[in-house]
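The values are calculated or read from the model by the stated rules, or taken from the named source; none is laboratory data. Note that this is a predicted model, so its numbers are computed, not measured. Backbone-built Cβ (ideal geometry, glycine too); neighbour counts: all protein chains shown.
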Amino acid sequence: MLHPLLFLSTLIALACAQQIITPSSVLNISSCPITYYGKKYEQIYVNSTTENFALCFDGFFKTQTGGDCLVGPAARYVTLHINSKNSKLESQVHQEVPSIKASLKCNLEFFMEYTKATSDLEVYIGGIKVTTVYKNTIQDISGCRHSGIAYEPDTVVSADPETCSKLTCSETAVLETIGCGPLERCQGNNTCVVDTTCNVTGPTVINVHGQLNFIKDRCAYSLVSIPSIPNLYLVANFRGRRREDVSFLDSVILRLDGPGVHIHLEQGGRVWLDDSMLTLESLPQLVHGVQLSKDQTGVTAKLSLSNLNISVFFDSYTTQILLEGPAGSSVEGLCGNSSSSLSDLRLSEYSSTSCEMQYSEPADSTINCTSVTERCNLLKEAPFSSCNTDIDPDPYITACTDTLCKYPAVDGLNCQFLKAYTRACSLHNHTLDGWTSKTGCSSEAFCQDRTCSDHEFCGEKTVGGDTRCFCRAIFASKYQANNSLGDATVCMQDSASVTLVGCLLEDKDINYSALQLNDPTCRGQVDELTHMVTFSFNSSKRCGTVVTTNNIYVIYKNTIRSQNYSSDVITRNDQVQIDFSCVHSQPNINTATFRIRDCSVAQKISCGAWNYTLIIKAYTDAGRTQVVQLNSEVRLNQRIWVELETNGLDGSMVTVVSDSCWATNQASPTSSPRHDLIINGERYSDCANPADLTVAVEENGLGTSTLFLFNMFRFTGGSGEVYLHCKLHLCPKEETSCIPVGLAVKHS
């Protein structure tokens, strides 16, 4: 007689119970349920016929429908015992069946008297015989099953080498299906390889795990880094465009060999190797191990490092990174580990100092978010739907709706997310025929080969029309706040210039080539890289500059204006008139103090944006070769020549006039006693004090320096120190009224 033992390990101990089994019975074993090859049962179906005896767990045994059963020869009677914990029996079971690890809380014991000599039991799963329980043996029936096939505990089976899947039945009879990792695909022959894609469009990032993230600032971020390849870095730069509060992917940088080599993929299909622009074609060009190519859809960079193949595509709005290589390669950066905070992924060396500044703008009331959502949901319709099983469209739809519900659908943006999804599908061998005709989109890159400056981006003049370079909103705001079209006037020693912003001029439909200064031959010069337009004049080319004066400044003024054609009767363009000027501040009494006992004194005078220097020197000879130095002996009644010379003034446009000069025995020009040397110099060229016959004026009001002479003296009762003070002013040469009367003569 065989006593098959069915052991359980999860229930409490039970008192012994006995049930007499009829030929067709359903037994309740909920007090001691059994796990039969991975399935738990609380009932036993007994079916006894003249041919066989069957104990089943999922219904009465029928060979044509199958079942989970133990089947043996016909039995005269059967008795079931439900036994509580038995330490001696448990020890025997663990010894004979090592795969049973758990403690046995109860057991089921069947006593059967067979009509035939054989007493072996056949084990069926789903109607299929999987094994035989032989007489006087103990067998573990808590194994695993998969697709109707039973597996013994602690076994590993290769299910399909083409899908790289493996079945594992653990020691505790837990079934696991093991395949390629979440970023991998099966290459066949049980070989897994990394095969994953990251997509960045506008302000959105769909990483290799299919998770969506939004970039809200204007910073540079680590896009892809591979811990096993430390000399590779992909960097994404995000910058603003038409709105200050929405950032866009603006460029991608491949950093190779540490910080040594940088390949920049920029707007308009431009590619830079460090500071040199590359010329690319559709045939790949090898640059530092990177294959670079360019076509009407965008720029592609491909490289292989440590058996990992990397492909980077960029079309000015979207970058897609395809990674293929050996299993186990991990990805970090925006495209990889989503648990990293954005602040940890920022790269300060590639970001501007204000990249984290938060901006806000009123919502765009012209945007119809309902229409936007309908368009973005096209990704769930044909022909896109044929790819939905391989590429989840939901992250792309969310990225599309979130962006276009707060940013206008201009510059081809309403096609970018659809185009990005199409390209991701193509990487998985899905050809979405007819997607361009259904959506009205083009597969070509937007603004390809149009070069905009760093403070500009390429956009549409009108929807679906021509393109041009627009000012970035953040850049333009500093000019718009002052209602200005350019920067402040730059005043140099003998020249002046003003620079206007090309994209701001275009915003107002102003053609810079139609602008001029007062002199029509003086036009603006455009910088081909920055698109800034500069107007300037200098001492050799005055461009119609008008020089005027007042009590405080000498003013140099010119005007940027629209060209005037005498033959024109009407105009349909706004007239432009932008005045700009530079000034010299008039020197005052405190700016030219000279002490006889010391060497010459120079003082720098700042005048608005223009600077000049006034130098006063004393000489003991008419040829002005012997300068009065600190240790020079100056005798009473010795002849002294005094020159007041300026540096930094344009002599063709302005002169220096000595109004008055006087001496004191103190450093203060207002101290007393005082002795006048020059008086009324602003009116008369020969303006020596008639009370001092030793004073003579040689040059005054003719150029940028003045010269006079006198005989040395001292103040009675003083210390022997004499301080000389002069009051000067600047005079435009064109204003003869401020030149001293009569030609200045040179006295012998």
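If you take just the strands (runs of 3 or more DSSP E) that sit entirely in region 181-231, which of them hold at least 2 residues that are at pLDDT 90 or above and of a type outside the set (Asp, Glu)?
So the answer is 191-201, 204-206, 212-214, 220-226.
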### Summary
Scanning region 440-493 for residues that are in a helix (DSSP H, G or I), among the hydroxyl-bearing types (Ser, Thr, Tyr) and closer than 24 Å to Arg561 by Cβ gives Tyr479
### Query
Restricting region 144-184 to residues that are among the hydrophobic types (A, V, I, L, M, F, W, C) and closer than 23 Å to Asn107 by Cβ, which is surrounded by the fewest Cβ atoms within 10 Å (Cβ to Cβ)?
Val174
### Message
Would you confirm whether or not region 652-661 contains a residue that is touching a residue at least 40 places away in the same chain (Cβ under 8 Å) and at positive phi?
### Response
no
### Query
In region 626-651, what count of residues is obtained for those that are in contact (Cβ under 8 Å) with a residue 12 or more places away in the chain, charged (D, E, K, R) and assigned to a loop (DSSP other than H, G, I, E, B)?
2
### Query
Does Lys727 satisfy the criteria of being of a type in the set (Lys, Arg), under 30 Å from Val546 (Cα atoms) and in a strand (DSSP E or B)?
yes
### Query
Tally time: how many residues in region 342-355 are surrounded by 15 or more Cβ atoms within 10 Å (Cβ to Cβ) and assigned to a loop (DSSP other than H, G, I, E, B)?
3
### Task
Evaluate region 690-697: report whether one residue or more is more than 25 Å from His584 (Cβ to Cβ) and modelled with pLDDT under 80.
no
### Task
Sort out which residues of region 378-410 are hydroxyl-bearing (Ser, Thr, Tyr) and in a loop (DSSP other than H, G, I, E, B), and write them in order of number.
Thr389, Tyr407
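Residues checked against (1) aromatic (Phe, Trp, Tyr); (2) in contact with a Phe, Trp or Tyr (Cβ under 9 Å, 6 or more places away or on another chain); (3) farther than 22 Å from Ser84 by Cβ; (4) at pLDDT 55 or above:
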| position | (1), (2), (3), (4) |
| --- | --- |
| Leu14 | no, no, no, no |
| Ser24 | no, yes, yes, yes |
| Ile29 | no, yes, no, yes |
| Ile44 | no, yes, no, yes |
| Leu55 | no, yes, no, yes |
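Among the candidates Asp466, Asp507, Asp494, Asp527, which residue alone is surrounded by 14 or more Cβ atoms within 10 Å (Cβ to Cβ) and closer than 26 Å to Gln575 by Cβ?
Result: Asp507 is the single residue among Asp466, Asp507, Asp494, Asp527 that is surrounded by 14 or more Cβ atoms within 10 Å (Cβ to Cβ) and closer than 26 Å to Gln575 by Cβ.
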